[in-house]
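Inspection log for the structure reproduced underneath, given as structure tokens.
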Amino acid sequence: ATNPDLSLLAINTLQKDCRDDDPMTRGLALRSFTSLRLPNIVEYLPGVIQAGLRDQSPYVRKTAVLSCLKMHNYSADALASSDMVNQLYTMLRDRDPQVVTNCINALNEILAAEGGMAINKPIIHHLLNRIKEFNEWSQCVVLELVARYK
């Protein structure tokens with residue numbers, strides 16, 4: 001059983017924290033917000049996730065990318081009706097390599113029923129040109145994607 005007043009208070013507090021000046025506070029608030037197990041949480045998620053995807057801080061952006069995946073797990077329809085999958089494809093060109101890696105992982109999981117994210121020559125070239133920027137684990141993710149390219 002959930003207490004509606006308490007859950008609304010938590011939602012409002014976390015929404016406010018998602019607009020805080022400190023990027024760590026924004027990222028942690030977004031992570032906490034998308035981890036709430038409330039029946040009506042899906043209606044509040046798109047706005048805070050969209051703001052997180054556009055945030056200046058790479059930490060907030062990579063958290064927002066993973067939040068898209070959480071939203072997909074809560075309600076695939078809600079994610080599909082938003083423009084977030086297209087936004088994740090656009091973010092493959094993000095300046096932060098960890099954000100890019102999270103996008104690849106999120107897209108592969110969200111689009112698993114379709115065989116994973118769509119890969120084309122420009123995406124592969126872009127990722128290979130930046131491969132030195134990625135850490136070892138992220139390089140493995142990129143190379144797995146390259147191996148799938150036909």
Considering only Val48, Val65, Met117, whose Cα is most displaced toward the positive end of the charge dipole of the chain, charges sitting on Cβ of Lys, Arg (+1) and Asp, Glu (-1)? Met117
Just the Kirkwood number for the chain, please: inverse of mean 1/r across all distinct Cα pairs, in Å, one decimal. 16.1 Å
By accessible area (1.4 Å), largest first, Lys150, Lys16 order as Lys150, Lys16
Let me know the charge dipole size of the range 1-95 about its Cα centre in debye, to the nearest 20, where only the beta-carbon of Lys, Arg (+1) and Asp, Glu (-1) is charged. 300 debye
Note: Asp20 to Lys150 extended length (0.36 nm per residue) minus current alpha-carbon separation gives 42.4 nm
What's the local net charge at Ile124, with K and R +1, D and E -1, over the other residues with C-beta under 15 Å away? +4
Everything considered on the Cα gyration tensor (a ≥ b ≥ c; rounded for a/c under 1.5, else prolate if a/b is larger than b/c, else oblate), the range 28-86 must be described as oblate
Provide the net charge surrounding Asn73, with neighbours chosen by a C-beta distance below 14 Å and charges set as Lys +1, Arg +1, Asp -1, Glu -1. 0
Within the P(r) computed for the range 85-140, what percentage of the Cα pairs occupies the region above 17 Å? 32 percent
Asp17 accessible area, assembled protein chains, probe 1.4 Å, Å²: 40 Å²
Among the lysines in the range 1-136, how many pairs, 8 or more places apart or on different chains, have alpha carbons under 25 Å apart? 6
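The values are calculated or read from the model by the stated rules, or taken from the named source; none is laboratory data. From a predicted model like this one, the values you see are computed outputs, not experimental measurements. All Cβ positions, glycine included, derive from the backbone under ideal geometry; neighbour counts span all protein chains shown. Remember, those area values only see protein heavy atoms, side chains included, never the ligands or the DNA or RNA. Shrake-Rupley method; radii C 1.70, N 1.55, O 1.52, S 1.80 Å.
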